[in-house]
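Contents: one structure, followed by commentary.
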Amino acid sequence: CVVTWLPSAVHAEAEMFGRPLEAWASEINAGDSGRRAAAVKVVGLCGEAGIPILTAALSHDDAAVRAVAAQALGEHGKAAASAASVLRPMLRDPEPGVRLAAAFAVCRVEGVNDKAMLILVDALKADGRATPTLAGDYLARIGPPAKAALPALREATKHKDYHVRGAALIAIDAIGTESNSP
C-alpha cells in the first residue's frame, strides 16, 4: 500500500514517500546523524509496521536516533506496548534529550509514572528555550493523564521566553484544570 499522509493505514508492504519501509529502515544506519534521524522519523510515520524497527533503533549509538525513535513510539501510544521494556531503562540515558523523549514515550505507552513525570517537569525548568518548550509539548500530547504537571506548567507560564510560556499554556489547556479533567 502507498501512504501519503495516513500512517495508520500502513501494512507490512508499507511504502512511504515512494520507498518501501525496509529502505527507510536501512537508512537508520547510514549517512550522517541528520539523515539517520530523518529516516527514523519516516519509519515512525509507517504505523504499527514500523514499531519493531523503532524499538531496535532505541539501542542505536546515535542519541538523535534514540530520541526520535522514542518520540515516534510515544506517538503510537499503547500500540507500542512491546517497546515498554526497552523504553523504561532509557529514562536513565546519559543524553538529556533522549531521557525527555523516553519519558514522553513511557507516559504514552504505559501510562504516567512518577519517574517519567519528574523528568518532564524538571525539563520545564531547564535553561534556554528548546528543552522547556519540548517538555511542554510532550505534556500537552500526554494530555489529562499528566495533570500532576499542572503546578509546574503554571510556573512555566512565567518563564522569560514566550515560546516556553506558550508551550506551557497549550499544555495546561490540553491537560485541563482540576475542575474539568477526569
Where V164 falls short, out of the listed (1) in contact with a Ser or Thr (Cβ under 7 Å, 6 or more places away or on another chain); (2) open to solvent by 10 Å² or more (accessible area, probe 1.4 Å): (2)
Any chance D127 is open to solvent by 10 Å² or more (accessible area, probe 1.4 Å), more than 29 Å from R154 (Cα to Cα) and of a type in the set (D, E): no
Near pairs, Cβ below 7 angstrom, 6+ apart or cross-chain, from the range 34-52 (more than 12 Å from Q71 (Cα to Cα)) to any residue that is assigned to a helix (DSSP H, G or I) and among the acidic types (D, E): R35/E27; R36/E27; A39/E27
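If I ask for residues that are basic (K, R), touching a residue at least 24 places away in the same chain (Cβ under 8 Å) and over 21 Å from A83 (Cα atoms), which ones from the range 108-161 would you list? I'd like the intermediate steps shown before the answer.
Looking only at the range 108-161, we keep the residues that are basic (K, R), and these are 108, 115, 125, 129, 141, 147, 154, 158, 160.
Adding the requirement that they be touching a residue at least 24 places away in the same chain (Cβ under 8 Å) leaves 108, 115, 125, 129, 141, 147.
Listed by number, the residues that qualify are K125, R129, K147.
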Condition met for I119 (β-branched (V, I, T) and surrounded by 19 or more Cβ atoms within 10 Å (Cβ to Cβ)): yes
Number of the exception - H159 against (1) open to solvent by 10 Å² or more (accessible area, probe 1.4 Å); (2) not β-branched (V, I, T); (3) not in a loop (DSSP other than H, G, I, E, B): (3)
Helices (runs of 4 or more DSSP H) fully within the range 23-96 counting 2 or more residues that are open to solvent by 60 Å² or more (accessible area, probe 1.4 Å): 33-44, 51-57
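The values are calculated or read from the model by the stated rules, or taken from the named source; none is laboratory data. The structure displayed is predicted, hence computed values, not measured ones. A quick note on method: Cβ atoms are made from the backbone with ideal geometry, for glycine too, and the neighbour counts reach across all protein chains shown. The accessibility values were calculated without ligands, DNA or RNA, using every heavy atom of the protein model including side chains. Shrake-Rupley method; radii C 1.70, N 1.55, O 1.52, S 1.80 Å.
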